[in-house]
Each structure stands twice: as structure tokens, then as C-alpha cells.
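Below you'll find the structure, written out as C-alpha cells, and then a few comments.
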Amino acid sequence: MEPVALITGITGQDGQYLARLLLEKGYHVHGFTQAATNFPHEQVFLHRVDLKVTENLHDLLKQIQPCEVYHMAAQSHVPLSYQQPLETAEITGMGALRMLEAVRQYEIECSRQVRFFQASSSAILDDQAGPVLNEQSPIHPRSPYACAKAYAHLQVQNYREAHGMFACNGILFNHESPLRDESFVTRKITRAATRIKLGLQQKLILGNLDAERSWGYAGDFVQAMWLMLQLDEPDDFVISTTKTHSVREFVDVVFQCLDLDYQQYVEIDPEFFRPHDAPVLCGDITRAQTQLGWQPQVSFTELAHQMTQHDLELAEIESRTNHSG
Ligand code: GDR
């Protein structure tokens, strides 16, 4: 019998990469989506579920019968969480608790054991505790989004300890790809730079260019998620690359790749600055390396080039459509 996996938030960047990985591994994949949507893999079974309101989630689990649940659904945009703190808490914080509780009830009623993955975040850790953070670093969230993720993270630990549930937190540092939503800085940059290259846009307006992040590749990160759920014992893992680069460096690499000088096109608007922005964030992945045998594969420059190439193709399609229209 094929193993059955459920991915919440399956239409997001990580959900799509994870679905692809699990299908390759021979899983039957089910996904929760909040809105009606087309999903690129027709072998995936989609369920329309709003984690803010849906009741009797465990009845749905009884139909799906998953052995692995990957909880990715969240309002994951930090600036938006300042405008919508209640909505963010409902989806990102309470949504995780609703899933955990549904899994617990399903386990009891069906005498099954489920393995649960929570997409936790580096944003929950105290960025003042050092530039390199690990699983023991203090939890000190500094945005409504980070507070909601910290709540979910602690509930995962609590369900593990109180109910013996196989539940893991992946403390994910920034990870990007051509499937990244354009509200996040890397994709905003690659979309704008490639459109500028083809004359479809004049300027790129950004906020803090000095923030340093350990930008990783989403395709590498979903491998770590799967590895966590194959362990004998559940645990929490920092997933990150080990080198940081500033937003400015990302801009520079992307514009250079297009033979452009970013200084002629980039403007700064204080609107994009945040009440708090960690100056540097980097993960210590010793535990992931030793216990999961996981190692990031795609470098910062490869990632920037891959995203730029992808968006250049999109911009070319847009340009051709404009000319033929
Ligand atoms: P982040 O990602 O908040 O770290 O959270 P984001 O890409 O939004 O910001 C990264 C850094 O870029 C700076 N920045 C800008 N950011 C955006 N979005 N738009 C801009 O114009 C801009 N200019 C500069 C930001 O200030 C910040 O320092 C991501 C999300 O995926 C979270 O869900 C996840 O938990 C963390 O990564 C780990």
C-alpha cells in the first residue's frame, strides 16, 4: 500500500516542492487549500479547507487516512502581519493547534500513529542572541507573524511531550525559489529586474538593503522536512544554509546577471522598513547534518541565477504578449 501524506498550504512554494518530492517517492498526496485553485500535479487530491473556521477536521482525516501530515498553511508575510495581527494569529497560530488536535483525535479514534511536521520559523528565535542560532536559542518573537509561529512551535512541543505525538518543528530560515510569492524580497527583486531589462518597468522600490539572511533553496528544504518524519524519534531541527548575504548582495547578483547596474534602478522607500528587522540571521545546522544527514545543495549565486532565468522567461512572454496585443 502506498503511504498517504497530507500537506496543508499545498499551493504555497513549499507545498508545491514537497508535493513533487512525495509523489516521486511514491506517496499518495492530499492537499488542503484555502481557495479554489488549479494545482499543477493532477495526481494530488485537493480539499478546500479554511483552517480558521473548519470544524470536525478529524473527520476529514478519517477519510484521507494520512500517515504523514505536513502543516505548511500560514499567513507567512511579516509586514502583512502588522496590518492583520488577528487574522495572522488565527491562521498561523490557531491553525496549527487545530491541525494538531485533529491529528490527536484521529489517532485515538482510528488507533493510528501519524507523523506531524510543523513549518516553524527562524523568526521565532531571539536574533539578539547571536548571529548564528540553533535549536536551543531563546524564543523571542518580534512581529505578530513571529508570535503566531512561536505559539504553533510551542504547541508542537507540548503535543509531543503531553500526548506522545510524533511531531517535529522544522525551524526554517529564509528559503526561496522561482515559486516564491512576489511579496517576499527575493522574488520581488528577480521579477522587477527582469521586467526592467525588457523595458516593462522603470524602477525597483525596496526597504532595508542591509539585512543579511542565509538564503536557501526551497527544493533543498523540503528534503529536510521529509527526512525529519523518517526518524525513530521526533525532534526539532534548524534548517538553513551556513552563509549569510545581504539583500543588497542579492540585488547586485541579479542585476549583474542581466548586465545592469542596480544603482541606476533601485530606490529606497521607508514604507518597506519594519518596526523590527533582524540585522543578521543564520542557522547552525549541526543537528540536521548529524541526525538527518542533510546538507543544503544550491548556493546563493545558483539560487539567484535560477530565479532570474525563470523570471526573464516570464518577462519575455509578457513582452511578446504586449507587442502582439
Ligand atoms: P522575511 O522575508 O520577512 O525574512 O520572512 P522577506 O523576503 O519578506 O524579507 C527579507 C528581508 O528583506 C528586507 N526587505 C524587504 N522585504 C520585502 N518583503 N519587501 C521589500 O521591499 C524589502 N526590502 C528589504 C526585509 O526587511 C527583510 O530583512 C521570510 C518568510 O518566508 C517567513 O514566512 C519565514 O518565516 C522567514 O522568511 C524565515
**Message:** Using just the Cα positions, wrap segment 144-303 in a convex hull and report its mean projected area in square nanometres, one decimal place.
**Reply:** 10.2
**Asked** Hey, quick one: spin label on HIS276, modelled 7 Å out along Cα-Cβ, who in segment 143-179 has an amide N within reach, i.e. under 12 Å?
**Response** 143-148, 150
**Item:** Candidate lysines - alpha carbon under 17 Å from LYS197, same-chain residues fewer than 8 apart omitted
**Value:** LYS188
**Fill in**
Highest GNM mean-square fluctuation among ALA193, ALA129, ALA102, for the chain with Cα springs under 10 Å, belongs to ALA129
**Request:** Would you list which aspartates and glutamates come within 18 Å of LYS243, measuring only between C-alpha atoms, while excluding same-chain residues fewer than 8 positions from it?
**Result:** ASP127, GLU135, GLU176, ASP210, GLU212, ASP220, ASP252, ASP284, GLU302
**Message:** Given the -39500 (n - 2.57) contribution per DSSP H run of 4+ residues, what per-residue ellipticity at 222 nm results for the chain, rounded to the nearest 500 deg cm²/dmol?
**Reply:** -12000 deg cm²/dmol
**Prompt:** Cβ under 15 Å from LEU231's Cβ, LEU231 left aside: what net charge do those residues give with Lys, Arg +1 and Asp, Glu -1?
**Reply:** -3
**Asked** Picking from HIS47, PRO144, LEU314, whose Cα lies most toward the positive end of the charge dipole for the chain (charges on Cβ: Lys, Arg +1; Asp, Glu -1)?
**Response** HIS47
**Asked** Which values of log₁₀ I(q)/I(0), to two decimal places, follow from the Debye formula for segment 67-123 at q = 0.22, 0.25, 0.30 Å⁻¹ with a uniform point scatterer at every Cα?
**Response** -0.83, -0.97, -1.20
**Request:** Step through the residues of segment 256-268 one at a time and calculate ³J(HN,Hα) from phi using the Karplus curve (6.51 cos²θ - 1.76 cosθ + 1.60, θ = phi - 60°), rounding each to whole Hz and writing x for Gly and Pro.
**Result:** 4, 4, 9, 6, 10, 9, 4, 5, 7, 10, 8, 10, 10
**Complete:** Under the Karplus relation with 6.51, -1.76 and 1.60 and θ = phi - 60°, whole-Hz ³J(HN,Hα) for segment 273-288, x at Gly and Pro, equal 7, 10, x, 9, 9, 4, x, 9, 9, 8, x, 8, 9, 3, 5, 5
**Nonlocal amide H pairs with VAL238, under 5 Å, H built at 1.01 Å** = GLU135, ILE171, ALA288
**Asked** Magnitude of the Cβ-charge dipole of segment 191-286, K/R +1 and D/E -1, about the Cα centre, nearest 20 debye?
**Response** 560
**Prompt:** Considering the alpha-carbon set of the chain alone, what are its Rg and its Dmax in angstrom?
**Reply:** 19.9, 63
**Complete:** Under a Gaussian network model of the chain whose springs join Cα atoms within less than 10 Å, the largest fluctuation of VAL132, VAL238, VAL69 belongs to VAL132
**Asked** Mean separation of Cα pairs under 8 Å and 6+ residues apart, divided by the residue count of the chain: what relative contact order is that in percent?
**Response** 17
**Message:** For a quick check: with amide H placed at 1.01 Å from N, whose amide H comes under 5 Å from ALA167's, ignoring anything fewer than 5 positions away on the same chain?
**Reply:** PHE116
**Fill in**
Between TYR217 and residues 5 or more places away or on another chain, the pairs with built amide H atoms under 5 Å apart involve GLU176, VAL298
**Calculated from backbone phi, Karplus (6.51, -1.76, 1.60) coupling profile of segment 5-21 in Hz, x at Gly/Pro** = 10, 10, 10, 7, x, 5, 8, x, 3, 5, x, 5, 5, 5, 4, 4, 4
**Item:** the chain: most fluctuating residue of GLY216, GLY31, GLY130 per GNM, C-alpha cutoff 10 Å
**Value:** GLY130
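Each reported figure results from applying straightforward, stated rules to the coordinates on display, with no laboratory input. Keep in mind it's a predicted model, so treat the numbers as computed, not measured. Quick reminder, even Gly has a Cβ in these numbers, built from the backbone with ideal geometry, and neighbours come from all protein chains shown.
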